[in-house]
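Step one of this worksheet: look at the structure below.
Please treat every number below as a calculation from the coordinates, not as lab data. Everything quoted here is computed from the prediction, not taken from an experiment. We place every Cβ from the backbone using ideal geometry, glycine too, and count neighbours over all the protein chains shown.
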Amino acid sequence: MNTSDARRWLGQGVAYALFAAFIGYFSNSPAYQHLPPDQATIKLSVRHSGQLLGECKQRDSAELANLPATMRAPMDCPRERSPLELVLEVNGATVLHDIVPPRGLHRDGMASSYRRINVPAGAITLRVRMKDHTAQADFPYTAERTVTLQPAQVLVIDFDSQSRRFKFL
């Protein structure tokens, strides 16, 4: 074995050792802390269709005659849906007030929202409210609960569109 081969082997050994040291260090350091020790997390998840914006109207025979044969539906209904209005209160203070627009090219799809909120651990009173039409004066979907959260605990609040109520998981 000549000196150039020995240097090449030595260089590869040093490179592998540095790489192994790099991987070894970052596999345990620096220490990762997801939340401060006195915090918990609330995850609010909503997927719901807002009400239609506008009323259906009956087409008369003259209107129907002017339409192509494939579009002669007797009722003309709008597609656009109302945005959702979400409010989350923790111990009486509003921590989230969000307007969630409907998805889709014609704003006719479901509105989806997913939010993470860090709160102090311990006993807290939660109140979550939602409107699904801009013309509503009050919030038809409301839930209130007092919970005791442990440090680093995750509480999920989900809206079930079929039962039309919030679930605390």
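For 110, 71, 130, what ranking results if the residue with the fewest other Cβ atoms within 10 Å of its Cβ goes first?
Lowest to highest Cβ neighbour count: 71, 110, 130.
Let me spell out the model: positive unit charges on the Cβ of Lys and Arg, negative unit charges on the Cβ of Asp and Glu, origin at the Cα centre of the chain. What dipole size does that give, in debye rounded to 20?
The dipole magnitude comes to about 360 debye.
Is the chain best put as rounded, prolate or oblate by its Cα gyration tensor, with a ≥ b ≥ c the root eigenvalues, rounded for a/c under 1.5, and otherwise prolate when a/b is larger than b/c, oblate when not?
Taking the square roots of the gyration eigenvalues as a ≥ b ≥ c, the chain is oblate.
Let a ≥ b ≥ c be the square roots of the eigenvalues of the Cα gyration tensor of segment 77-169; is it rounded (a/c under 1.5), or, if not, prolate (a/b larger than b/c) or oblate?
Here segment 77-169 falls in the prolate category.
Mind checking the full-extension length gain between residue 43 and residue 160? Use 0.36 nm per residue of separation minus the Cα-Cα distance, one decimal, nm.
Full extension from residue 43 to residue 160 adds 40.7 nm.
Which residue, 119, 14, 156, has the most motion in a Gaussian network model of the chain that connects Cα atoms within less than 10 Å?
Looking only at 119, 14, 156, the biggest GNM fluctuation is shown by 14.
Would you mind telling me which residue in 150, 12, 51 has the biggest mean-square fluctuation in a Gaussian network model of the chain, where springs connect alpha carbons within a distance under 10 angstrom?
Judging by the Gaussian network model, the answer is 12.
Give, as a single signed number, the net charge of other residues whose beta carbon lies under 13 Å from the beta carbon of residue 108, with Lys and Arg counted +1 and Asp and Glu -1.
+3
Which GluC sites (Glu not before Pro) in segment 76-169 sit in a loop by DSSP (not H, G, I, E or B) and have at most 14 other Cβ atoms within 10 Å of their own Cβ?
80
Output the relative contact order of segment 23-169, whole-number percent, from Cα pairs under 8 angstrom with separation of 6+ residues.
Relative CO of segment 23-169 lands at 29 percent.
Could you name the lysines whose alpha carbon sits less than 23 Å from that of residue 131, not counting residues in the same chain fewer than 8 places away?
Answer for residue 131, where 23 Å is the Cα cut-off: 43, 167, listed by chain and number.
For segment 107-169, what is the relative contact order in percent, using Cα pairs closer than 8 Å and at least 6 residues apart in sequence?
The value is 27 percent.
Fewest to most neighbouring Cβ within 10 Å: what's the order for 42, 99, 117, 157?
Least crowded to most crowded, the residues run 99, 117, 157, 42.
To the nearest Å, what is the center-to-center distance of segment 50-78 and segment 110-146, using C-alpha atoms only?
That distance is 36 Å.
Which residue, 96, 67, 18, has the most motion in a Gaussian network model of the chain that connects Cα atoms within less than 10 Å?
Ranking 96, 67, 18 by mean-square fluctuation puts 18 first.
According to the square roots a ≥ b ≥ c of the eigenvalues of the Cα gyration tensor, what is the shape class of segment 5-65, taking rounded for a/c under 1.5, prolate for a/b larger than b/c otherwise, and oblate for the remainder?
Since a/c reaches 1.5 but b/c is at least a/b, the shape of segment 5-65 is classed as oblate.
Among 27, 113, what is the fewest-to-most ranking by other Cβ atoms within 10 Å?
27, 113
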